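The values are calculated or read from the model by the stated rules, or taken from the named source; none is laboratory data. Since the model is a prediction, treat every value here as computed from it, not as a measurement. Cβ coordinates were reconstructed from backbone atoms using ideal geometry, including for glycine residues, and neighbour counts include every protein chain displayed.
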Amino acid sequence: MPRDDLAFFRDDIEDELVSSSGRSGIRRPALETLAAFALEEVLPTALRRRLARSGPFALVIEVPSADWVEPVAKACAELASWTSSFARSGSSRTEDRPERGNDKVAQTLARGGMALGVSQAPERLLPAALVAVADARIRIGQPSNAVVARVIRNATRGRLAPMPPRIAAGLTYWELCAAVRGSPRTIVDRLAALGRARSEADPAVAGAPAFGDLVGYGEAHAWGLRFLDDLEAWRRDEIPFDRIDRAVVFGSEPGLGKSSYVRALARAARLPLSVSSVSTWFTQSNGFLDGVLRQIDGVFENAASRSPSILFLDEIDSIPDRNTLDSRAREWWNTVITHVLLTIDRVMSDPTINLCIVGATNFADRLDAALVRPGRLNRVIFIGSPSADDLTVIARQHLGDDLAGSDLAVFGEIAFGATGAQVAGWVKDARTVARAAGRPVLLDDLLRAAAPPDTRPESVRWRCALHEAGHAVSVEILRTGHIKQVDIVARASNGGATAIVPNDFSMPLKDDMERLVVSLLCGRAAELVFLREACGGSGGAKNSDLARATALVAGIHGSFGLGSGLAYLGTMDEVARGLRNDDAARVAVETDLARLQDEAVQLIERYAVPVRTVAERLIAHRVVSGDTLRAILARSDAAGECRS
């Protein structure tokens with residue numbers, strides 16, 4: 001007679017159940033078998049036999065999610081006669097706490113009884129004494145195909161249909177039970193469809209662009225492609241999940257598409273996406289320390305219960321660097337930060353949790369070093385601003401069928417320096433204008449959205465053109481970088497921009513740093529040479545030309561040991577801030593700045609022809625590419641003399 005699949009808990013009664021029950025042909029619904037079969041798969045034979053005997057014993061079982069708690073606790077009733085049983089899912093805020101029930105655990109074990117605890121978060125929900133003294137602890141993961149096959153076989157008594165790998169991944173207990181009905185083929189098809197639907201349930205994920213179409217992400221895109229390749233290898237059972245590089249932080253300026261990237265990654269990976277941030281840990285809890293910790297646990301438990309899945313921690317820099325905290329803040333935040341670190345350690349080291357964690361930040365320098373060390377979030381990958389070509393592709397993706405066949409290269413040049421988020425906004429603005437006019441979108445609508453007509457006085461535009469031309473020409477002449485583009489498109493913070501790929505100055509000489517300062521001062525110098533007077537546009541802000549030039553010179557004297565003394569006084573920005581209180585240092589820096597400003601003026605006077613030519617092209621076209629700039633210099637007698 002075939003073995004009854006439910007007869008596995010007690011070896012001493014197995015023969016009796018199989019031979020005498022006479023029910024081996026009875027169909028049993030998944031509600032009666034799923035928890036039992038999942039438990040059997042992870043329960044060692046020796047432990048099963050120990051539980052069949054009397055005597056004090058404590059067992060803790062960790063389950064995938066809250067919906068597994070009661071079914072597994074019910075299945076455990078067949079294992080032994082439990083004196084005390086705790087099935088805690090967190091549904092009771094007053095009872096499901098580690099400080100509740102410890103007296104009962106102590107009494108049970110002291111009197112020779114058996115205590116059981118079942119929870120998706122034992123440390124957080126079960127009695128602390130039970131977790132601490134447990135004689136055995138087991139974890140039930142997402143049901144394997146073997147478990148699902150047994151459930152289907154017992155529910156249908158039919159021939160099992162072939163199943164795709166990890167068919168139960170990401171499905172809840174009740175979804176699995178509800179799906180097991182009909183023929184084996186119907187059940188398998190239903191489970192597979194349910195898994196696909198679950199991975200695409202988030203509309204933002206379903207509407208994300210194809211991952212292969214993403215542009216402007218550099219090393220981040222390469223990391224994602226490797227992740228997707230490894231994920232498919234895991235699905236083919238070629239590598240274990242922990243072999244996948246599956247934890248990372250993406251850093252960038254705001255608006256460069258980190259969230260869009262993660263949604264596209266989740267879509268390509270066909271994985272559920274859980275999104276959280278530090279702010280939600282507060283707003284979705286009581287705001288007190290215990291509530292925040294519970295919310296953190298809930299976020300990770302939810303993502304783990306849907307594994308394999310992706311957990312996206314946005315604005316992760318809101319977890320502060322402990323080195324920057326004062327004593328009062330450190331007392332509170334240390335508990336939170338340590339809890340986050342240990343939680344990441346736990347989920348990343350648990351072989352039954354297949355989780356990818358992606359963080360995002362606009363301030364990578366603010367991250368706690370322990371957060372991004374290997375074994376946790378591993379490293380920070382920086383996402384730079386998209387190129388003009390990248391912006392063209394991004395615009396095309398957002399435009400859809402609008403402007404089909406139009407050459408968007410000129411838009412890419414005009415928009416250079418913008419973010420993907422800005423491009424999306426400009427496309428929306430262009431469509432609004434076209435809709436109001438009752439016509440299709442025109443290329444001019446898009447160009448005007450990105451760069452509205454320049455209504456500044458001609459004198460202001462000419463000054464801006466000379467200023468940017470001075471920067472651009474000096475960078476190429478002094479070889480402090482490689483010009484990508486120059487423009488006089490008015491933006492919120494400036495009247496133009498010079499986009500530069502800087503040279504590697506990781507081990508700078510004094511001459512390297514002074515050439516950088518001259519390049520920064522050449523915008524102002526161009527105004528002095530051509531207009532006999534400089535405006536205040538070179539200063540006034542912490543990232544202005546004068547601010548950066550001052551910091552570099554201050555760094556020469558007080559940070560890099562390249563001035564008259566060797567004493568380290570701080571970073572170059574810290575030294576620059578200290579100038580207001582140090583008369584001698586201020587005089588030394590001012591003397592050098594004046595000397596380097598004179599060199600900048602001399603350079604502009606020497607290369608006046610190409611500077612004027614570039615400025616005139618800026619007035620005519622608003623944008624000059626790096627290649628055009630270099631062609632102008634190549635035709636210049638002065639450029640030829642310099643490079644000979």
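Summary table
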| item | result |
| --- | --- |
| Hits in region 302-315 - residues which are part of a helix (DSSP H, G or I) and either farther than 18 Å from Ser279 by Cα or under 10 Å from the mean Cα position of the chain (by Cα) (or both) | Ala304, Ser305 |
| Within region 346-375, tally of residues that are surrounded by fewer than 17 Cβ atoms within 10 Å (Cβ to Cβ) and either touching a Lys or Arg at 6+ places or on another chain (Cβ under 7 Å) or farther than 25 Å from Ile61 by Cβ (or both) | 10 |
| Flag if Arg150 is surrounded by fewer than 22 Cβ atoms within 10 Å (Cβ to Cβ) and of a type in the set (D, E, K, R) | no |
| Residue tally, condition at pLDDT 90 or above, of a type in the set (A, V, I, L, M) and closer than 24 Å to Ile187 by Cα, over region 23-62 | 7 |
| Residue that is β-branched (Val, Ile, Thr), in contact with a helix residue (DSSP H, G or I) (Cβ under 9 Å, 6 or more places away or on another chain) and not in a helix (DSSP H, G or I), where the choices are Val72, Val131, Val60 | Val60 |
| Pairs with Cβ under 6 Å, 6+ apart, first in region 287-298 and touching a residue at least 24 places away in the same chain (Cβ under 8 Å), second among the charged types (D, E, K, R) and not in a helix (DSSP H, G or I) | none |
| Residues of region 367-392 that turn out to be in contact with a helix residue (DSSP H, G or I) (Cβ under 7 Å, 6 or more places away or on another chain) and assigned to a helix (DSSP H, G or I), as a count | 4 |
| Selection count where residues are surrounded by 19 or more Cβ atoms within 10 Å (Cβ to Cβ) and farther than 26 Å from Phe363 by Cα, scope region 212-231 | 1 |
| Criterion: surrounded by fewer than 21 Cβ atoms within 10 Å (Cβ to Cβ) and over 24 Å from Val575 (Cα atoms) - qualifying residue of Ala525, Ala490 | Ala490 |
| Cross-chain or 6+ apart pairs with Cβ under 6 Å, region 332-360 first and aromatic (Phe, Trp, Tyr), then not in a helix (DSSP H, G or I) | Trp333/Pro320; Trp333/Leu325 |
| Total residues in region 232-290, condition surrounded by fewer than 20 Cβ atoms within 10 Å (Cβ to Cβ), in a loop (DSSP other than H, G, I, E, B) and touching a strand residue (DSSP E or B) at 6+ places or on another chain (Cβ under 8 Å) | 1 |
| Sole exception among (1) without any contact (Cβ under 8 Å) to a residue 24 or more places away in the chain; (2) over 27 Å from Arg463 (Cβ atoms); (3) surrounded by 16 or more Cβ atoms within 10 Å (Cβ to Cβ); (4) not β-branched (Val, Ile, Thr) for Ala534, by number | (2) |
| Residue check for Ser519: within 15 Å of His471 (Cβ to Cβ), free of Cβ contacts under 8 Å to residues at least 12 places away in the same chain and assigned by TED's automatic domain parsing to the domain that holds Gly481 | no |
| Boolean, Thr550 is under 38 Å from the mean Cα position of the chain (by Cα), β-branched (Val, Ile, Thr) and surrounded by fewer than 19 Cβ atoms within 10 Å (Cβ to Cβ) | no |
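The rows are residues; the columns are (1) under 30 Å from Gln597 (Cβ atoms); (2) free of Cβ contacts under 8 Å to residues at least 40 places away in the same chain.
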| residue | (1), (2) |
| --- | --- |
| Ser385 | yes, no |
| Thr392 | no, yes |
| Ala421 | no, no |
| Trp426 | no, yes |
| Asp429 | no, yes |
| Leu447 | no, yes |
| Pro457 | yes, yes |
| Leu466 | yes, no |
